[in-house]
Amino acid sequence: MKGADQCPRCASRKWISPQSEGIPPSGDFYAADVRVCMNCRTIWEPFDPADLLDPKHEPLGAFNHPCNNCAFRKGSPEQRDPEGFAKLRATLGWRGASFYCHKGVPVEPLSKDGFAYPKDAAGRPVQRKLRLCRGYLNQIGSFPMDRASPAATQAPVELWVDPIDEVHA
């Protein structure tokens with residue numbers, strides 16, 4: 001993931017904000033503030049590095065609080081479909097899949113989740129380029145998979161490799 005004000009695809013700092021151009025946000029789009037790269041036309045939702053726990057040492061660390069449009073916030077579009085959100089929650093947790101933040105990730109409307117998260121050749125998320133979602137982290141331990149696991153009271157052997165560890169290795 002590039003810097004907060006760089007295009008996540010080409011790293012260009014030449015972008016426009018539709019709002020700054022007088023274009024009001026669409027009522028059915030998930031975010032009110034987006035950037036459009038003048039170089040490659042990638043769209044992404046920006047973030048403020050000040051919202052990160054430790055931006056100097058952990059640029060891919062989680063935010064202090066869930067985003068204003070986090071899937072785990074009450075009333076989010078994801079939660080308007082209780083059955084679909086329950087299915088998603090059933091896959092997450094200590095022993096399940098992780099959930100990554102969308103801030104700074106290219107918008108990809110035709111993809112499964114609407115974003116072009118970095119993936120390896122096998123289609124797995126490239127964790128060293130992703131930020132875990134703060135809303136997801138706040139709910140660790142309460143996911144169905146967490147509660148159903150016989151080892152639910154024990155910390156897992158290895159949850160996740162912190163990207164900052166790979167940077168300093």
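The values are calculated or read from the model by the stated rules, or taken from the named source; none is laboratory data. Predicted model only: the values in this text are computed from it and were never measured. Methodologically, a virtual Cβ is constructed for each residue, glycine included, from the backbone with ideal geometry; neighbour enumeration extends over all protein chains shown.
The table for this structure:
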item: Tally of residues being in a loop (DSSP other than H, G, I, E, B) and touching a residue at least 12 places away in the same chain (Cβ under 8 Å) across the stretch 88-113; result: 11
item: Residue match in the stretch 141-148 (condition: touching a helix residue (DSSP H, G or I) at 6+ places or on another chain (Cβ under 7 Å), farther than 22 Å from GLU78 by Cβ and part of a loop (DSSP other than H, G, I, E, B)); result: no
item: Residue ID - surrounded by the fewest Cβ atoms within 10 Å (Cβ to Cβ), chosen from residues in the stretch 15-33 that are in a loop (DSSP other than H, G, I, E, B), among the hydrophobic types (A, V, I, L, M, F, W, C) and modelled with pLDDT of 75 or more; result: ILE23
item: Verdict on ALA71 being touching a residue at least 60 places away in the same chain (Cβ under 8 Å) and either surrounded by 11 or more Cβ atoms within 10 Å (Cβ to Cβ) or in contact with a helix residue (DSSP H, G or I) (Cβ under 6 Å, 6 or more places away or on another chain) (or both); result: yes
item: Of residues in the stretch 34-62 being touching a residue at least 24 places away in the same chain (Cβ under 8 Å) and not in a loop (DSSP other than H, G, I, E, B), the one farthest from the chain's Cα centre (by Cα); result: CYS37
item: Some residue of the stretch 96-107 being at pLDDT below 85, touching a Ser or Thr at 6+ places or on another chain (Cβ under 7 Å) and at negative phi; result: yes
